[in-house]
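K.L.:
My structure is below; once you've seen it, I'll send some questions.
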Amino acid sequence: MSDDIDLIDEAEERLLDAAIGAAPRLGWTSRLVAHGAREIGISVGEAELILPHGARDLAALLGRRHDERALAMLARSDPAAMKVRDRIRAAVLARCEAAMEDEAAVRRWSGFLALPGNLPLALRLLWASADRLWRWAGDTATDENHYSKRVLLAEILASTLAIRLAAGAGAAAAHLDQRIARVMAFEKWKATVPRGAASRLAARLGRLRYGGGDVKQAPAR
């Protein structure tokens, strides 16, 4: 069984390698999956067995590859020797740099994930990235802070990567520093507010921002 899993993992990686080079031309489409299949010498039917959700599965594979690449970069640093804000800054910059190694493909990938039908996938990938980066940073929270930290980091990561693609590394770093400063200021203020009052305020702000509707949790892949 483990041999079969290894073969599938290998086929996924080879399909992704083939897709990255062709994505700027073909976009994240069924044509990209078919191209990848031809490149690695398998049929489209075999590729569909490996990637049952087609281009969405390829997009998820790319997101996970960039997470792994970022964590490999971060492994050179000791998060315990850094302040929390410096850990988050390093984590977001590493994740952006990991993505920029496949810049042309990531530009089409970002557009693909921005489509309304792909929003649940985009949110799952952002959440996964934020979770892995927080775990590298040493987060052990198990209360509501576990979730709020990941929501904040997911937003910071998404906006910083968008600016990195649009305006370059300097603009992205400046944006990141501003966002971290605002979050740290909010956290200092929140620490002075009674716990129950802060929770009620957060809930009220959420209703104002999202119109009071319930947000359905995206199904797991």
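K.L.:
Mind checking which residues of the stretch 70-125 are closer than 25 Å to Val33 by Cα and outside any helix (DSSP H, G or I)?
P.N.:
Once the filter is applied, which keeps residues that are closer than 25 Å to Val33 by Cα and outside any helix (DSSP H, G or I), the stretch 70-125 yields Glu101, Asp102, Leu115.
K.L.:
Would you check which residues across the stretch 34-54 are assigned to a helix (DSSP H, G or I), closer than 22 Å to Leu125 by Cβ and open to solvent by less than 10 Å² (accessible area, probe 1.4 Å) and list them?
P.N.:
Selection gives Gly36, Ala47.
K.L.:
When you check His53 against the structure, is it more than 18 Å from Ala130 (Cβ to Cβ) and touching a residue at least 24 places away in the same chain (Cβ under 8 Å), yes or no? Outline the logic, then answer.
P.N.:
Numbers: more than 18 Å from Ala130 (Cβ to Cβ): yes; touching a residue at least 24 places away in the same chain (Cβ under 8 Å): yes.
Taking the combined requirement at face value, the residue satisfies it.
K.L.:
Can I ask one more? Can you find, within the stretch 75-104, the residue that is nearest to the chain's Cα centre (by Cα) among those that are among the basic types (Lys, Arg) and open to solvent by 30 Å² or more (accessible area, probe 1.4 Å)?
P.N.:
Selected residue: Arg89.
K.L.:
Within the stretch 110-135, can you find the residues that are in contact (Cβ under 8 Å) with a residue 60 or more places away in the chain and open to solvent by 90 Å² or more (accessible area, probe 1.4 Å)?
P.N.:
Correct list: Leu123 only.
K.L.:
Looking at Ala72, is it of a type outside the set (Lys, Arg), within 16 Å of the chain's Cα centre (by Cα) and open to solvent by 30 Å² or more (accessible area, probe 1.4 Å)?
P.N.:
The answer is yes for Ala72.
K.L.:
Looking for something farther than 22 Å from Asn118 by Cα and at pLDDT 95 or above - is there at least one such residue anywhere in the stretch 51-67?
P.N.:
So far as the stretch 51-67 goes, no, none of its residues is farther than 22 Å from Asn118 by Cα and at pLDDT 95 or above.
K.L.:
Go through the stretch 56-100 and report how many residues are touching a His at 6+ places or on another chain (Cβ under 8 Å) and either among the charged types (D, E, K, R) or without any contact (Cβ under 8 Å) to a residue 12 or more places away in the chain (or both).
P.N.:
Residues that pass the stated criteria total 1.
K.L.:
Still on this structure, please answer the following. Within the stretch 136-155, does at least one residue satisfy the condition of being of a type in the set (Val, Ile, Thr), at pLDDT 95 or above, open to solvent by 30 Å² or more (accessible area, probe 1.4 Å) and in a helix (DSSP H, G or I)? Write out each step before concluding.
P.N.:
Of the stretch 136-155, the ones of a type in the set (Val, Ile, Thr) are 140, 142, 151.
Add one more test, that the residue is at pLDDT 95 or above, and what stays is none.
No, the conditions are met nowhere in the stretch 136-155.
The values are calculated or read from the model by the stated rules, or taken from the named source; none is laboratory data. Being a predicted model, the structure only gives us computed values, none of them experimental. Glycine gets a Cβ as well: all are built from the backbone with ideal geometry, and neighbour counts include every protein chain shown. These area figures cover heavy atoms from the full protein model, side chains too; ligands, DNA and RNA do not enter into them. Shrake-Rupley method; radii C 1.70, N 1.55, O 1.52, S 1.80 Å.
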